[in-house]
Amino acid sequence: MNVNKKVSSKVSLGGVDLMRPNKTIIIRVLLIVLATTIAGFSMYQYKDYVATNRPLKKVLVAKADILPYAVITSESLVYKQLPEGSKHEKSVQDPKEIVGKKTTETIYKGEQILPQKLTESSLALKQEDRAVGIPIDIVKAAGMTINPGNNVDVYWLEGDKATLTTEEDMRQAELIAVNATILDVLNTQNQSMYNITTNAEEGKAPTVAVLKVNNSEVQSIITAIGNGTIYLAKRQ
């Protein structure tokens, strides 16, 4: 027996050399990898096509960023066409349900409006309240220091005086509404003076103050309009 006989380095099974790569197996593996890649890409393309081409639905969203504690107005909202199924199940779709409410956190541009981000505001009209528009020079509106949510007293003075400057003016002025709430101030273009797109020069023109007042004060205000000058005195 020859103990020096070389041991073959080849290992075979059924006549197949297991130490030498089999081209057929490699090709099959490559084909499987290629097929899997193509299938994955095709599925991605299909999903992208479905997302892009599925029906659109009108959804209520924020027109621009709405900061915390801001009051929601009709100008804060806009409808946007979104793919069907994108609407949050709890999002508000009727502006009337949220106009006048206040935000508790930032609502970003294009974001759907969720009730948990809103709270009741002093601007919301109650059963005993009514919104009235009063033609008024912006200078007479507390020097343009009023903002939505501010409370004011409404005075009426016969004639067309520029300001209430003397004690005699104050004695003659009639208090026609107490603790009214400013809802908005509109310019001659019927635009909110608090809208950032409003031209500042238009602030010099006569405007309309939209107030929330008690129903019992409405008739006095209507009578005063056109029969003198109305002034707003901001309450502290």
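How many residues, within region 79-113, are over 25 Å from Lys126 (Cα atoms) and not in a loop (DSSP other than H, G, I, E, B)? Number satisfying all stated conditions: 7.
Across region 168-176, not a single residue is classified as modelled with pLDDT under 80, in contact with a Phe, Trp or Tyr (Cβ under 7 Å, 6 or more places away or on another chain), more than 21 Å from Ser76 (Cα to Cα) and not in a helix (DSSP H, G or I).
Would you tally the residues in region 53-78 being in a strand (DSSP E or B) and either at pLDDT 85 or above or farther than 19 Å from Lys117 by Cβ (or both)? Going through region 53-78 one residue at a time, the tally reaches 10. Considering the conditions (1) over 16 Å from Arg130 (Cα atoms); (2) at pLDDT 75 or above, Met193 is excluded by exactly one of them, (2).
Checking Leu60, Leu123, Leu114, Leu56 one by one, the residue that is under 25 Å from the mean Cα position of the chain (by Cα) and over 27 Å from Ser192 (Cβ atoms) is Leu56 and no other.
Among the candidates Thr106, Thr119, single out the residue that is surrounded by fewer than 17 Cβ atoms within 10 Å (Cβ to Cβ), over 25 Å from Ser216 (Cα atoms) and modelled with pLDDT under 85. Steps first, please.
Working: Thr106 fails: modelled with pLDDT under 85.
Thr119 is the lone residue from the list that is surrounded by fewer than 17 Cβ atoms within 10 Å (Cβ to Cβ), over 25 Å from Ser216 (Cα atoms) and modelled with pLDDT under 85.
The values are calculated or read from the model by the stated rules, or taken from the named source; none is laboratory data. Given the structure is predicted, the values throughout are model-derived calculations rather than measurements. Neighbour counts are summed over all protein chains in view; Cβ atoms, including those assigned to glycine, are modelled from backbone coordinates with ideal geometry.
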